[in-house]
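Undergrad: Structure incoming, see below.
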Amino acid sequence: MIRLLEHEGKSLLARNGMRVPRGALFPALPPTGGQLVVKAQVLAGGRGKAGGIKFAGNAADAQAAAQKLLGATLGAAKVTAVYIEERLTIAGEYYLCAMVDRDLGMPVILASREGGVEIETVAADKILKRPVDPLLGLRPFMLEEIVRFLDPPEAARASLREAISSLYAALVNEDAELLEINPLALLEDNTIVAADAKCVLDEDAAYRHAARPHSFDGTQFEIAARKLGTIGIELDGNIAAVMNGAGMTMATLDQLIALGGQVGALVELHGAMAHGPERIAEIIQLVGKQQPAVLLLNVYFQFRPLDTIAKGLMLAQDRGWVPQSCKIIVRFRGEMEQEARTILKGCDCTLTGVFEEACALAVQHAKAAPRPQQRTAIAS
């Protein structure tokens, strides 16, 4: 899951045809001489109630408000970016969302006349849920159904149709999981504009959008793992576990916990194997910074050569990226297994082909090792 900041989400919507207010990322200013809105760019909700949105009568006031917000903390989120945009004259507000419904197995569009409030508080009969067959796409009769339900002024209906079409196009074109506009603003001139934007993208499709900016959510370790093309989870234990595939990851985690072990750094290799031994070494360096007592590599590959893992581990150890006190346990099964074992003859590690044995050894060594007093900080 990749969550976008508001300004990133609005940029995404705009390139798919959605009207958005004119805005700029501070210290730049939008090309407008009117009143402005200054918005802290954080992924946490409730920023308005927390003081993260300020109104300004002119550019100087907007700059001053932005300077105060920059570096401030809203809840648990630190403000590292501020967005300044034109203040809209709003005549009405709607709620509009396009998302992938896992239960239905298809996209759905949600719409409500109760815009500007938390959708969870809106009664079910005031929300329209329109499934969209991905093979047929958003049909004209579906558009009309949504427009009739929202019931805007007649002069605004064409603009609303364009907004709904643009939102669905963005969901498909950008490999999004969720695109939520709240509020979708009706202006006095009967145009429809996305006054806010919440966007969640499918991280498995990120490789198709390499040039697209995005802001990862999570701890510094988890953010660093994603930047390496993997999925990382930070827990509170002294075993670092690196696996391939969601099934293997969950099975390893379950087994370690069942044996009384505590996992600290958990990494699913995802597509990192395609980047070669250097990337594997960087992943091992990342988990090594967590100062684990045990590093467990539990890898079963049928379609990628295991020597990539072995070479990466050797690189990391040669460069001193694995703490000397860390016990390395490797469980290999799959393509080029013998070649990988040969490479690891020069590595200070315990090698096995048995899943249960690898997990048992990891827990045994972890329980016998003293816990570190403080972890090394991971640079974001």
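Undergrad: Yes or no: K126 basic (K, R), closer than 30 Å to L29 by Cα and open to solvent by 30 Å² or more (accessible area, probe 1.4 Å)?
TA: Judged against the criteria, K126 is not a match.
Undergrad: Kindly list, by first and then second residue, each pair from a residue in region 188-203 that is polar (S, T, N, Q) to a residue that is modelled with pLDDT of 95 or more, limited to pairs with Cβ atoms under 7 Å and residues at least 6 apart or on different chains.
TA: Partner pairs satisfying both residue conditions: N190/P153; N190/A155; N190/A156; N190/S159; T191/R19; T191/S159.
Undergrad: Then there is this: Can you find a residue in region 23-34 that is surrounded by fewer than 22 Cβ atoms within 10 Å (Cβ to Cβ), touching a Leu at 6+ places or on another chain (Cβ under 6 Å) and over 30 Å from G229 (Cβ atoms)?
TA: Within region 23-34 (the criterion being surrounded by fewer than 22 Cβ atoms within 10 Å (Cβ to Cβ), touching a Leu at 6+ places or on another chain (Cβ under 6 Å) and over 30 Å from G229 (Cβ atoms)), the answer is no, since none of the residues qualifies.
Undergrad: Let me ask something else. Restricting attention to region 266-276, and to residues there that are under 20 Å from Q290 (Cβ atoms) and part of a loop (DSSP other than H, G, I, E, B), which single residue is least open to solvent (accessible area, probe 1.4 Å)?
TA: L269
Undergrad: Restricting to region 38-50, and then to whatever is aliphatic (A, V, I, L, M) and open to solvent by 10 Å² or more (accessible area, probe 1.4 Å), can you tell me which residue is farthest from H7 (Cα to Cα)?
TA: Selected residue: A50.
Undergrad: Quick one: which residue in V294, V299, V263 is among the hydrophobic types (A, V, I, L, M, F, W, C), within 24 Å of the chain's Cα centre (by Cα) and surrounded by 22 or more Cβ atoms within 10 Å (Cβ to Cβ)?
TA: V263
Undergrad: Here's a follow-up. May I ask you to list pairs of residues, at least six apart or on different chains, whose Cβ atoms are under 7 Å apart, with the first in region 76-89 being buried (at least 18 other Cβ atoms within 10 Å of the Cβ) and the second being of a type in the set (D, E)?
TA: Note: pairs meeting the criteria are Y83/E6.
Undergrad: Here is a list: S165, S159. Which entry is farther than 18 Å from M99 by Cα, open to solvent by 10 Å² or more (accessible area, probe 1.4 Å) and of a type in the set (S, T, Y)?
TA: S159
Undergrad: Continuing with this model, one more query. Among the residues that make up region 70-86, is at least one of them farther than 15 Å from V37 by Cβ and in a helix (DSSP H, G or I)?
TA: no
Undergrad: A further question follows. With the requirement that a residue be at pLDDT below 85, assigned to a loop (DSSP other than H, G, I, E, B) and open to solvent by less than 60 Å² (accessible area, probe 1.4 Å), what does region 188-216 give you?
TA: R212, F216
A quick yes/no check of all residues on (1) in contact with a Lys or Arg (Cβ under 6 Å, 6 or more places away or on another chain); (2) over 22 Å from R341 (Cβ atoms); (3) in a helix (DSSP H, G or I):
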residue: T249; (1), (2), (3): no, yes, yes
residue: D254; (1), (2), (3): no, yes, yes
residue: I257; (1), (2), (3): no, yes, yes
residue: G264; (1), (2), (3): no, yes, no
residue: E278; (1), (2), (3): no, no, yes
residue: E282; (1), (2), (3): no, yes, yes
residue: Q290; (1), (2), (3): yes, yes, no
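Undergrad: Give, as residue ranges, the strands (runs of 3 or more DSSP E) completely inside region 1-47 that count at least 2 residues that are modelled with pLDDT of 95 or more and either over 22 Å from G116 (Cα atoms) or not β-branched (V, I, T) (or both).
TA: Qualifying strands (runs of 3 or more DSSP E): 23-25, 36-40.
Undergrad: Residues that are exposed (fewer than 15 other Cβ atoms within 10 Å of the Cβ), in contact with a helix residue (DSSP H, G or I) (Cβ under 8 Å, 6 or more places away or on another chain), in contact (Cβ under 8 Å) with a residue 24 or more places away in the chain and within 20 Å of E222 (Cβ to Cβ): does region 362-379 have at least one?
TA: So far as region 362-379 goes, yes, one or more of its residues are exposed (fewer than 15 other Cβ atoms within 10 Å of the Cβ), in contact with a helix residue (DSSP H, G or I) (Cβ under 8 Å, 6 or more places away or on another chain), in contact (Cβ under 8 Å) with a residue 24 or more places away in the chain and within 20 Å of E222 (Cβ to Cβ).
Undergrad: Could you tell me whether A56 is in contact with a helix residue (DSSP H, G or I) (Cβ under 8 Å, 6 or more places away or on another chain) and surrounded by 15 or more Cβ atoms within 10 Å (Cβ to Cβ)?
TA: yes
Undergrad: Only residues that are open to solvent by less than 60 Å² (accessible area, probe 1.4 Å) and over 21 Å from C359 (Cα atoms): list them for region 302-311, please.
TA: Result: P305, D307, T308.
Undergrad: Go through region 292-305 and report how many residues are within 23 Å of G218 (Cβ to Cβ) and either among the aromatic types (F, W, Y) or assigned to a loop (DSSP other than H, G, I, E, B) (or both).
TA: Result for region 292-305: 1.
Undergrad: Name the residue, out of G17, G46, that is within 30 Å of D175 (Cα to Cα) and touching a residue at least 40 places away in the same chain (Cβ under 8 Å).
TA: G17
Undergrad: Out of the residues in region 223-247 meeting the condition of being under 13 Å from I283 (Cα atoms) and in a helix (DSSP H, G or I), tell me which one is most open to solvent (accessible area, probe 1.4 Å).
TA: K227
Undergrad: Please determine, by comparing only the residues of region 96-114 that are charged (D, E, K, R) and without any contact (Cβ under 8 Å) to a residue 12 or more places away in the chain, which one is surrounded by the fewest Cβ atoms within 10 Å (Cβ to Cβ).
TA: In this case the residue turns out to be D103.
The values are calculated or read from the model by the stated rules, or taken from the named source; none is laboratory data. All values reported here derive from a predicted model rather than from experimental measurement. We place every Cβ from the backbone using ideal geometry, glycine too, and count neighbours over all the protein chains shown. Heavy atoms of the whole protein, side chains included, go into the accessibility calculation; ligands, DNA and RNA do not. Shrake-Rupley method; radii C 1.70, N 1.55, O 1.52, S 1.80 Å.
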